[in-house]
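Enquirer: Structure provided below as structure tokens; questions to follow.
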Number of protein chains: 2
Amino acid sequence: MKRLFIVGVGPGGHEHRTPAADQALDAASELVGYGLYLELLGTRIAGKQCHRLPLGDEIARARVALGRAGSGRSVALVSSGDPGIYAMATLVFELMDREPRPEWADVEVEVIPGVSALQATAALVGAPIAHDFCTISLSDLLTPWETIEARVRGAGIGDFVVAFFNPVSRRRTWQLERARDVLLEYRPNTTAVILGRNVSRPQQKVEVIELGQLTNDRVDMLTLVIVGNRETRRVGRWVYTPRGYARRLEQGAGEGLAS
Amino acid sequence: MKRLFIVGVGPGGHEHRTPAADQALDAASELVGYGLYLELLGTRIAGKQCHRLPLGDEIARARVALGRAGSGRSVALVSSGDPGIYAMATLVFELMDREPRPEWADVEVEVIPGVSALQATAALVGAPIAHDFCTISLSDLLTPWETIEARVRGAGIGDFVVAFFNPVSRRRTWQLERARDVLLEYRPNTTAVILGRNVSRPQQKVEVIELGQLTNDRVDMLTLVIVGNRETRRVGRWVYTPRGYARRLEQGAGEGLAS
């Protein structure tokens with residue numbers, strides 16, 4: 001059976017991995033993934049053939065997974081978080097599109113969504129992405145910086161809550177602070193910023209700071225950065241972005257919030 | 001024990017409901033939610049006291065949940081999808097912030113993330129939200145239309161993939177087409193658009209059309225609309241938004257995609 005499951009196993013802890021992901025892992029005879037993500041699966045994958053590939057080599061992982069499925073195996077390509085958000089799924093479809101091979105044509109592909117690190121981080125601090133939000137990768141390896149900066153500006157103009165992925169790297173040292181400065185043209189210094197690192201994993205660390213305090217040295221490659229919008233508020237240890245409820249309360253609470 | 005779990009039970013099918021959500025449901029003695037969402041939980045919630053409140057009345061649900069927890073119960077406030085994305089969590093924190101009551105102060109609150117309808121819809125068609133994306137609610141009950149249109153324009157300028165929530169209602173009849181026209185200033189007529197209705201539920205329906213074909217009558221209150229960006233492509237029955245892999249392939253595939 002030529003099957004390829006592209007499986008999101010969630011942010012780390014098995015308590016966030018769905019039954020659909022487990023079913024796909026069980027149905028696969030072979031697994032392809034970054035070593036650490038496979039370790040996180042523990043005994044679930046005992047006895048399966050594992051193709052462990054290095055972290056940077058996503059294209060190779062997608063190619064191996066398609067190749068094994070194309071040769072008649074049931075394969076699970078393992079992605080952390082949600083495989084459709086800055087992750088493995090798109091690489092599989094891009095290979096199918098740009099380098100089609102006859103043996104891939106009848107592979108049955110299924111994408112299994114998962115809880116992303118963004119959602120797990122947001123949940124730990126409250127409800128920061130509860131209204132219109134956007135995600136922006138600051139990696140300028142594959143996207144010109146001008147395009148990225150235009151996105152940050154679009155997010156500023158639109159007052160979106162912004163989640164920055166890939167905020168820094170060894171060579172990416174000024175982009176996050178530049179993005180901060182663009183956002184500061186549109187929202188105050190005191191805007192709440194959430195820094196989530198290794199969320200749902202053993203070294204989990206989450207802190208809430210202000211946008212004016214967001215410097216490169218507070219963040220590393222594994223940090224997800226969520227910047228509130230102009231309405232984002234704090235209550236006790238929580239951060240939330242309202243849907244407009246205060247105005248609604250004044251209008252009469254009985255009407256509810258649904259559209 | 002004063003506990004309030006704000007639980008995301010996923011888009012519908014139990015296969016997308018996490019063990020963390022199940023644990024919270026099991027730990028609660030009382031449940032608060034919209035009737036249909038509670039039905040979807042089946043035997044999981046047998047024997048629990050259920051407070052079923054109507055769909056429109058989100059504020060009342062948050063208030064009942066906080067009230068029951070404040071009076072010493074272990075309560076699960078049930079949200080479909082992810083409770084932090086256009087859902088219940090933010091209302092709880094807003095009540096705590098704007099109408100604080102002494103009996104709420106020591107309620108232990110925990111937010112349990114879940115797979116959102118956006119993720120489930122995206123997974124069914126491939127990887128449309130694989131690069132920078134944003135979410136925009138077209139409900140202008142709580143947000144002035146000018147603000148919403150500025151967001152749509154920001155999304156156009158930034159070339160974000162856009163997910164529209166609450167695209168239409170009985171009284172919301174022109175906003176989706178206006179948003180489409182704004183996006184058409186920045187991306188072509190042929191841009192892929194995904195319409196997902198009741199995804200992961202019995203009446204599930206998903207179709208892929210072009211932006212130029214997006215009219216009000218193709219969509220209802222339960223439809224999630226995902227509009228691709230300028231790079232979004234189709235391959236067979238799939239839709240995906242590349243991360244820039246083609247360019248990278250030319251540069252040398254061995255470098256991989258990670259930042």
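The values are calculated or read from the model by the stated rules, or taken from the named source; none is laboratory data. No experiment lies behind these values; they were computed from the predicted model shown. We place every Cβ from the backbone using ideal geometry, glycine too, and count neighbours over all the protein chains shown. The accessibility values were calculated without ligands, DNA or RNA, using every heavy atom of the protein model including side chains. Shrake-Rupley method; radii C 1.70, N 1.55, O 1.52, S 1.80 Å.
Enquirer: Extent of the stretch A:106-249 along each principal axis, from alpha carbon coordinates, in Å, largest to smallest?
Expert: For the stretch A:106-249, the Cα extents along the three principal axes come out at 55, 35, 32 Å.
Enquirer: Within 10 Å of each Cβ in B:15-24, how many Cβ atoms from other chains are there, averaged over the peptide?
Expert: The mean count of partner-chain Cβ atoms within 10 Å per residue comes to 6.
Enquirer: Shifting gears a bit: Can you report the principal axis dimensions of the stretch A:102-166 using only the alpha carbons, biggest first, rounded to whole angstrom?
Expert: 46, 33, 19
Enquirer: Next question. For the stretch B:191-243, what number results from the quotient of the Cα radius of gyration and 2.2 N^0.38 Å?
Expert: Ratio of Rg to 2.2 N^0.38 Å for the stretch B:191-243: 1.16.
Enquirer: Taking only Cα atoms, what is the 0 to 90° angle, nearest 10, from helix A:58-70's long axis to the longest principal axis of chain A?
Expert: 40
Enquirer: Please list, in order along the stretch A:15-30, the HN-Hα scalar couplings obtained from phi with the Karplus expression 6.51 cos²θ - 1.76 cosθ + 1.60 (θ = phi - 60°), rounded to whole Hz, x for Gly and Pro.
Expert: Residue by residue, the stretch A:15-30 yields 5, 9, 8, 7, x, 4, 5, 4, 4, 5, 4, 5, 6, 7, 9, 9 Hz.
Enquirer: For B:ASP220, place a label point 7 Å from Cα along the Cα-to-Cβ direction in every copy; what are the distances to the other copies, in nm, shortest first?
Expert: Nearest first, the other copies' label points are 5.2 nm away.
Enquirer: Return the whole-Å distance between the Cα centroid of the stretch B:124-203 and the Cα centroid of the stretch A:74-151.
Expert: 19
Enquirer: Okay, moving on. For the Cα atoms of chain A, what angle does the longest principal axis make with the long axis of helix A:145-157, in degrees from 0 to 90, nearest 10?
Expert: Once rounded, one gets 50 degrees.
Enquirer: Gaussian network model of chain A, Cα springs within a sub-10 Å range: biggest mean-square fluctuation belongs to which of A:GLY70, A:GLY228, A:GLY81?
Expert: In this elastic network of chain A, the residue with the biggest mean-square fluctuation among A:GLY70, A:GLY228, A:GLY81 is A:GLY70.
Enquirer: Taking a 1.4 Å probe, which of A:MET221, B:MET1, A:MET96 shows the most accessible area, and what order do the others take after it?
Expert: B:MET1, A:MET221, A:MET96
Enquirer: Could I ask something else about it? Where the label is 7 Å out from Cα toward Cβ, how close does A:LYS48 come to the same position in every other copy, in nm, shortest first?
Expert: Ordered by increasing distance: 3.0 nm.
Enquirer: Plugging the Kirkwood radius over Cα pairs into Stokes-Einstein for the stretch A:1-75, at a temperature of 4 °C and a viscosity of 1.567 mPa s, what D comes out in µm²/s?
Expert: Using the Kirkwood radius from Cα pairs, D works out to 104 µm²/s.
Enquirer: Related question: For the stretch A:1-148, state the semi-axes of the equivalent ellipsoid (square roots of 5 times the eigenvalues of the alpha-carbon gyration tensor), sorted largest first and rounded to whole angstrom.
Expert: 26, 21, 13
Enquirer: For chain A, what is the calculated [θ] at 222 nm in deg cm²/dmol (nearest 500), taking -39500 (n - 2.57) for each run of four or more DSSP H residues and dividing by its residue count?
Expert: Estimated from H runs of four or more residues: -8500 deg cm²/dmol.
Enquirer: Using only the heavy atoms of the protein chains and a 1.4 Å probe, how would A:ASP159, A:ASP106 rank by accessible area, largest first?
Expert: A:ASP106, A:ASP159
Enquirer: Right, something else. On C-alpha positions alone, give me the angle between the axis of helix B:89-98 and the longest principal axis of chain B, in degrees, nearest 10.
Expert: Around 60 degrees separate the two axes.
Enquirer: How big is the Cα convex hull of the stretch B:59-145 in projection, averaged over all directions, in nm²?
Expert: 7.4
Enquirer: I've got another one for you. Using only the alpha-carbon atoms of the protein assembly as shown, report the extent along each of the three principal axes, biggest first, to the nearest angstrom.
Expert: On the principal axes, the protein assembly as shown reaches 63, 50, 49 Å in Cα extent.
Enquirer: If you don't mind, another one. Pairs of Cα atoms under 8 Å, at least six residues apart: use those to get the relative contact order of chain A, whole percent.
Expert: Here the relative contact order equals 19 percent.
Enquirer: In a solvent-free Debye calculation with one equal scatterer on each Cα, what is log10 I(q)/I(0) for chain A at q = 0.14, 0.16 Å⁻¹, listed in the order of the q values?
Expert: The calculated log intensity ratios at q = 0.14, 0.16 Å⁻¹ are -0.99, -1.16.
Enquirer: Let me ask something additional. Just need the relative contact order of the stretch A:1-106 here, percent rounded to a whole number, with Cα pairs under 8 Å and 6+ apart.
Expert: 38
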